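The values are calculated or read from the model by the stated rules, or taken from the named source; none is laboratory data. Given the structure is predicted, the values throughout are model-derived calculations rather than measurements. We place every Cβ from the backbone using ideal geometry, glycine too, and count neighbours over all the protein chains shown.
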Amino acid sequence: MIVGIVGLGRMGAAMSQRLRQQGFDVIGWDHNADANRTLAAGGLRIAGTAREVAATADIVISSITEDHGAREIFTGPDGFLKADVAGKLFIEMSTLQPMTGRELMPQVEAGGAHLIDAPVLGTIPQVRAGTLLAMVGGRTENLERARPVLERMTRRIVHMGPNGSGYAMKLAANLGLGAYIQALAESLALGVKQGLTVDQMLDVIQEAPYACGWLKSKIDVLKGAQADMTLDIRTLRKDIMSAVATGALTGVPMPLSAGTLASLTAAVATDRGGGDLAELPKFFREAMLQSFDR
């Protein structure tokens, strides 16, 4: 079986390495020539276009930053669907809006191919360890065909429903993460204004009922240490924007998410978007607090 991967950023590159280690024949491509060269130097077979990946592979994974890019990868001039894709299976693993999955599915099936959405919980360390959690939207028979590939990267696969359902679950999960980080940013900012130190507060917050694995893994970063990049601020901003847009289309008010989006947008606008999520509370304290100094 040949597995294709299009989108060789941090996640796609880690997936390609993991699948090669698991014995799969992998071919990849990214619009970024530097990414292609770097991974080719590491032994990954690189195609010339997304279309070539689709023509060569039996199963094609895509890991793309945003919805427009995902649509282009499928339907653009050198996209997947410009190849003969009859019988192929596409596993779309980006974090997209549910309507994007529902829009792409009939176009893929019109070419005789099949599509599932399978965004994941977890980042680079979980890819390398094969412990991601995949949330799948699509037909049951297509998920079963995808299992031999997905099982090499995951500890659990959850079938959420029809196409688009995996994206819906991922956005719902990321809303919680965004709200948690915003609440943490405000908590630390309030304490600092009252004369507490970040170290003092984090020592106590780690024992609070709402402490979680993410918090424990990011304590050093929250205290000012260099981040081991997992998910960056710009990407979470895109995900929260997608969730708010999806909510607007379906009549779900999202005042908390809109507030979180304001902080994330301010960070991106001041060139902090490439920072790890755990750097958002520091940015909030440095750039968003009102000063009463005269």
State which residue is nearest to ARG139 (Cα to Cα) when the search covers only the stretch 88-113 and only residues that are touching a residue at least 40 places away in the same chain (Cβ under 8 Å) and among the small types (Gly, Ala, Ser).
GLY101
Restricting to the stretch 194-218, what's the tally of residues that are under 23 Å from LEU261 (Cα atoms) and more than 21 Å from the chain's Cα centre (by Cα)?
2
Selection from the stretch 72-99 of residues more than 23 Å from GLY161 (Cβ to Cβ) and among the acidic types (Asp, Glu) yields GLU72, ASP78, ASP84
Contacts under 8 angstrom Cβ, first residue in the stretch 37-58 being on the phi > 0 side of the Ramachandran plot, partner hydroxyl-bearing (Ser, Thr, Tyr), 6 or more apart:
none
Show me the helices (runs of 4 or more DSSP H) entirely contained within the stretch 206-294 in which 3 or more residues are farther than 26 Å from THR100 by Cα.
213-217, 219-222, 255-269, 280-287
Could you grab me the full set of residues in the stretch 61-92 that are out of contact with any Lys or Arg (no Cβ under 7 Å at 6 or more places or on another chain) and over 20 Å from SER16 (Cβ atoms)?
ASP67, HIS68, ARG71, GLU72, THR75, GLY76, PRO77, LEU81, ASP84, VAL85, ALA86, GLY87
For GLY213, indicate whether it is out of contact with any Ser or Thr (no Cβ under 8 Å at 6 or more places or on another chain), under 21 Å from ILE240 (Cβ atoms) and assigned by TED's automatic domain parsing to the domain that holds LYS282.
yes
For GLY195, work out the one condition from (1) in contact with a helix residue (DSSP H, G or I) (Cβ under 8 Å, 6 or more places away or on another chain); (2) at positive phi; (3) in the same structural domain as MET254 (by TED's automatic domain parsing) it doesn't fulfil.
(1)
State the number of residues belonging to the stretch 201-245 that are touching a Lys or Arg at 6+ places or on another chain (Cβ under 9 Å) and of a type in the set (S, T, N, Q).
2
So in the stretch 52-68, with the set limited to residues that are surrounded by fewer than 24 Cβ atoms within 10 Å (Cβ to Cβ) and in a loop (DSSP other than H, G, I, E, B), which one is modelled with the lowest pLDDT?
THR65
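Condition check ((1) buried (at least 18 other Cβ atoms within 10 Å of the Cβ); (2) farther than 24 Å from ASP199 by Cα) across all residues:
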{"position": "ALA211", "(1), (2)": "no, no"}
{"position": "MET229", "(1), (2)": "no, no"}
{"position": "ASP239", "(1), (2)": "yes, yes"}
{"position": "LEU249", "(1), (2)": "no, yes"}
{"position": "LEU280", "(1), (2)": "yes, no"}
{"position": "GLU286", "(1), (2)": "no, no"}
When you go through GLY9, GLY4, GLY48, GLY43 one by one, which is the residue that is buried (at least 18 other Cβ atoms within 10 Å of the Cβ) and either at pLDDT 95 or above or out of contact with any His (no Cβ under 7 Å at 6 or more places or on another chain) (or both)?
GLY4
Scanning for something among the hydroxyl-bearing types (Ser, Thr, Tyr) and touching an Asp or Glu at 6+ places or on another chain (Cβ under 6 Å), does the stretch 135-142 turn up at least one residue?
no
When you go through MET241, MET229 one by one, which is the residue that is in contact with a strand residue (DSSP E or B) (Cβ under 6 Å, 6 or more places away or on another chain) and outside the structural domain of SER94 (by TED's automatic domain parsing)?
MET229
Could you check how many residues of the stretch 144-176 are assigned to a strand (DSSP E or B) and touching a helix residue (DSSP H, G or I) at 6+ places or on another chain (Cβ under 9 Å)?
7
Six or more apart or on different chains, Cβ atoms under 8 Å: show the pairs whose first residue is in the stretch 180-201 and hydrophobic (A, V, I, L, M, F, W, C) and whose second is not in a helix (DSSP H, G or I).
ALA189/MET288; ALA189/LEU289; VAL198/LYS223; VAL198/GLY224
